[in-house]
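Attaching a single structure in structure tokens format; questions to follow.
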Amino acid sequence: MNAPVAEKPIFHVPRTDHVTASLHALTDTQRDELVRRIKRLLIERNAVLVAHYYVDESLQRLADETGGCVSDSLEMARFGKEHPAATLVVAGVRFMGETAKILSPEKRVLMPTLEAECSLDLGCPADEFAKFRAQYPDHTVVVYSNTSVDVKAQADYVVTSSIAVPLVEHLRDQGKKVLWAPDKHLGDYIRRTTGADMVLWDGSCVVHDEFRSWALEDLRGRHPGAAVLVHPESPREVIHQADVVGSTSQLIAAVKDRPEQEFIVATDKGIFYKMQQAAPDKKLIEAPTGGHSATCTSCAHCPWMAMNDLVSLAETLEDTNEPAKNEIFVDETARQKALVATQRMLDFAAEHRKATEGDA
């Protein structure tokens, strides 16, 4: 069942076209010089760049070239924990920086900007979530990684989309009821897939929520040989048209492994950089959205991810203040509680991977 909060949080969503228009225009020469400067600063600061699949390809490329990481939020944090660098520079949105700090409290965590938020995080304030959770004391609390440290601190498990279904299946098999937050579409997908008894928080991603089934159906008619790849943060009607439903890493693998030569992709278009790397000869097509809405002209790109750019990254690395302007800090008590929920997921993921590989 769905159990919405009493008052749905209201927050401002920056429009991607406005963000794009405000980005620093650089000539090729200026851009090359800036990249060289950032590479030098990363070495000088004993820092490593960890970037999400959805940020600009210039940042993803830079992370690849400097021995960093391009992945989903939890793999970014796991990479940062295991990397010897003293400073982690997280190109993504704020909760990703917080997740890195949860796993690596001894390291400095910097971001190109702290203004890069997430609608799922903003739409699930910790105080409102605590009231919601109190209504279901007999439920196991599972929260998506797209949440603040203060929400993670209230959870039994923190999950990414790649492990959410098997973990909820595991809880179902133990006879547990699940309270899920914050993405209602992902929660609905997990509930339908697993048959688990779940109650869902009423949240959504401003990008994935805008994909429309009628527009997708029309596009499929014009590309009959294309496979449709859909992230499960999308509405149910869009998911129903998918050939593959999966996390970011799973969708990248699908482009590489499937025989089709064209793919309609219903997730943030920032992922195209890694998809094209994985399958350079295949054609990628943006899934259609519903027109003018929360992001730019309803394009498939997160307006907060778009705030990350090379200039902001350089400015962050040049900031020698203590603390730095764009440094991540989290409350230690909340961090320790959030770490317990996160570590449970990591332990489960490791066991699940071992069992899956054993069955293969």
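The values are calculated or read from the model by the stated rules, or taken from the named source; none is laboratory data. Predicted model, so just to flag it, every value in this text is computed and none were measured. Here the Cβ positions follow ideal geometry from the backbone for every residue, glycine too, while neighbour counts run over all protein chains shown.
How many of the residues making up the stretch 188-244 are part of a loop (DSSP other than H, G, I, E, B), of a type in the set (Asp, Glu), surrounded by fewer than 16 Cβ atoms within 10 Å (Cβ to Cβ) and in contact (Cβ under 8 Å) with a residue 24 or more places away in the chain?
Our first condition is that a residue be part of a loop (DSSP other than H, G, I, E, B); within the stretch 188-244, this holds for 195-197, 201-202, 204-207, 212, 223-226, 231-235, 240-243.
Next, from what is left, pick out any that are of a type in the set (Asp, Glu): 197, 202, 233, 243.
Restricting the remaining residues to those that are surrounded by fewer than 16 Cβ atoms within 10 Å (Cβ to Cβ) gives 197, 243.
Adding the requirement that they be in contact (Cβ under 8 Å) with a residue 24 or more places away in the chain leaves 197.
Number of matching residues: 1.
How many of the residues making up the stretch 326-356 are outside any helix (DSSP H, G or I) and hydrophobic (A, V, I, L, M, F, W, C)?
3
Same structure again: Would you tally the residues in the stretch 159-187 being outside any helix (DSSP H, G or I) and free of Cβ contacts under 8 Å to residues at least 12 places away in the same chain?
Selection size over the stretch 159-187: 2.
Just to be sure, is ILE271 over 23 Å from ALA181 (Cβ atoms) and assigned to a helix (DSSP H, G or I)?
When the stated conditions are applied, ILE271 passes them.
Are any of the residues in the stretch 290-302 crowded, with 17+ Cβ neighbours inside 10 Å and modelled with pLDDT of 95 or more?
Yes, the stretch 290-302 contains a residue that is crowded, with 17+ Cβ neighbours inside 10 Å and modelled with pLDDT of 95 or more.
Of the residues that sit in the stretch 75-98 and are more than 13 Å from LEU110 (Cα to Cα) and surrounded by fewer than 24 Cβ atoms within 10 Å (Cβ to Cβ), which one is nearest to the chain's Cα centre (by Cα)?
Restricting to residues being more than 13 Å from LEU110 (Cα to Cα) and surrounded by fewer than 24 Cβ atoms within 10 Å (Cβ to Cβ), the top hit is GLU75.
A quick yes/no check of all residues on (1) buried (at least 16 other Cβ atoms within 10 Å of the Cβ); (2) modelled with pLDDT under 90; (3) within 20 Å of ASP319 (Cα to Cα):
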residue: MET1; (1), (2), (3): no, yes, no
residue: GLU7; (1), (2), (3): no, yes, no
residue: ASP17; (1), (2), (3): no, yes, no
residue: ALA25; (1), (2), (3): no, yes, no
residue: ILE38; (1), (2), (3): yes, no, yes
residue: LEU41; (1), (2), (3): yes, no, yes
residue: ALA47; (1), (2), (3): yes, no, yes
residue: VAL55; (1), (2), (3): yes, no, no
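Still on this model: Taking only the stretch 107-143 into account, find how many residues are within 23 Å of GLU327 (Cα to Cα) and of a type in the set (Phe, Trp, Tyr).
0
Against the conditions (1) part of a strand (DSSP E or B); (2) surrounded by fewer than 24 Cβ atoms within 10 Å (Cβ to Cβ); (3) of a type outside the set (S, T, N, Q), where does VAL109 fall short? Just the number, please.
VAL109 satisfies every listed condition except (2).
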